[in-house]
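Input: a single structure, listed below in structure tokens.
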Amino acid sequence: MSAGQGRVFSGMQSTHSLHLGNYLGAMINWVKMQETHECIYCIVDLHAVTVAQDPKTLQSNIREVAAAYLASGLDAKRSIIFNQSQVPQHAELAWIFNCVARMGWLNRMTQFKEKAGKNRENASVGLFAYPTLMAADILAYKATHVPVGEDQKQHLELTRDIAQKFNTDFAESIADNGLDPDYFPLPEPVITGAATRVMSLRDGTNKMSKSDPSDMSRINMTDSADEIAQKIRKARTDPEPLPDSVEGLKERAEADNLIGLYAGLAGTDKAAVLKEFGGAQFSAFKPALADIAVEVLSPIAGEIRRLTADPSEIDSILGDGAERAAAIAEATLKEVKTVMGFVASRPV
Ligand code: TRP
């Protein structure tokens, strides 16, 4: 593990298999951050059960997300990779944060309003408290940098508010115990990536999403070469040729998305892609996009298939990750409990 500047923590839910939006929007950045930071990457399975989960599906989804992490280039030796439910300190710290956070703060969370919809009375208490568990995920490791999508910025702000309130409420005890007065760091969101917002192939104004009923709207990380080529061939476009400059992509959501996908997959930016394809028809551009998508995704899909065929390898990697994660989280919880005044009477 490289010490780098600070510590990175991020997580994804194990609700479904992953798609190109997860890969370009998140995973590519996570892989890169391993070069400069000490990184902890979690499969947030406790967050997944805030909505009903079938046990068998949950189990295979956890392993599939783990396989996607590894196949995309997350290195289980250099970084810590594990599933949240195996490190009990996440849930324990979340409880403590439930007592730090205020009802008013959580009432402002837009994601809860979206996810709960009209039937708020019937949403789980866990769905409402979801952001305090996320704060616990991050702060159990005193992480300083959190790569996330735009939609998670509000949860990160809440995490900072919780960290700040804990530091202030317990300032005296923190000092009495000889701990850093900024006990919990205030973590920064890291929002990066040329194609951070990957849109649906059927509608360039909607995000590519696992919950879109049309599978043609997304490229899954396990799609075959034929499926990828077909989805790109059928992707919605407009009748104009590609523009020469990025300004020309304004008001052309689908063209913008496809150029962004190419840039993300090629590791360049939209301007560079338009330098090569400006003036071309979609009929010429789409096969090139399909080629690069297959080139990048095929080896990843192959590795995901290999890993999920025999869960023992994944399970042992996750077990090792959980042990290393727990060593850090246990130390934090011990400090937090001392600071708060809990009596430690059980012999260890
Ligand atoms: N809520 C995040 C999402 O839906 C997932 C998540 C849970 C997370 N815990 C986290 C992300 C901690 C970053 C850090 O994308």
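Since every read-out is calculated from the coordinates, none of them should be taken as a lab result. In this text the structure is predicted, and so the values were computed from the model without any measurement. Positions of Cβ are generated from backbone atoms using ideal geometry, with glycine treated the same way; all protein chains shown enter the neighbour counts.
Counted by Cβ distance under 12 Å from residue 251, the other residues give a net charge of -3, where Lys and Arg count +1 and Asp and Glu count -1. For a test of the definition: using alpha carbon positions, the gyration tensor, and the 1.5 limit on a/c, classify region 1-61 as rounded, prolate or oblate. It comes out prolate by the Cα gyration axes.
For region 1-75 versus region 213-257, the inter-centroid distance based on Cα atoms is 25 Å. For region 215-307, the dipole from Cβ point charges (+1 on Lys and Arg, -1 on Asp and Glu) about the Cα centre works out to 220 debye, to the nearest 20.
Consider a paramagnetic label point 7 Å from the Cα of residue 51 along Cα→Cβ; state which residues of region 135-175 have an amide N under 15 Å from it. No residues fall inside that zone. Phi angles of region 130-138 translate, via the Karplus equation with coefficients 6.51, -1.76, 1.60 and θ = phi - 60°, into HN-Hα couplings of 2, x, 6, 5, 5, 4, 5, 3, 6 Hz per residue; Gly and Pro are given as x. Straight Cα distances below 17 angstrom link residue 77 to the lysines 32, with same-chain residues fewer than 8 positions distant left out.
Based on Cα contacts under 8 Å between residues 6+ apart, region 22-115 shows a relative contact order of 37 percent.
Ordered by the number of other Cβ atoms lying within 10 Å of each residue's own Cβ, fewest first, 54, 256, 315 fall into the sequence 54, 315, 256.
Measuring against 23 Å, Cα to Cα, the residue pairs 165/337; 113/153; 115/270; 115/334 contain 115/270; 115/334 as the ones spanning a longer distance.
Normalised by the number of residues in region 208-348, the average gap of Cα pairs under 8 Å and 6 or more apart makes the relative contact order 25 percent.
Beta bridges from DSSP with both residues in the chain: antiparallel share about 20 percent, rounded to the nearest 5.
Evaluated on the chain, the Kirkwood hydrodynamic radius is 21.6 Å, with distances taken between all distinct Cα atoms.
Taking 56, 142, 32 in turn, the Gaussian network model of the chain (Cα-Cα springs below 10 Å) assigns the largest fluctuation to 56.
For the options 35, 114, 295, a Gaussian network treatment of the chain with springs between C-alpha atoms closer than 10 Å singles out 114 as fluctuating the most. As a length-normalised measure over Cα pairs under 8 Å and 6 or more apart, the relative contact order of region 124-278 settles at 19 percent. Residue exposure proxy: 184, 112, ordered by other Cβ atoms within 10 angstrom of their Cβ from fewest to most, comes out as 112, 184.
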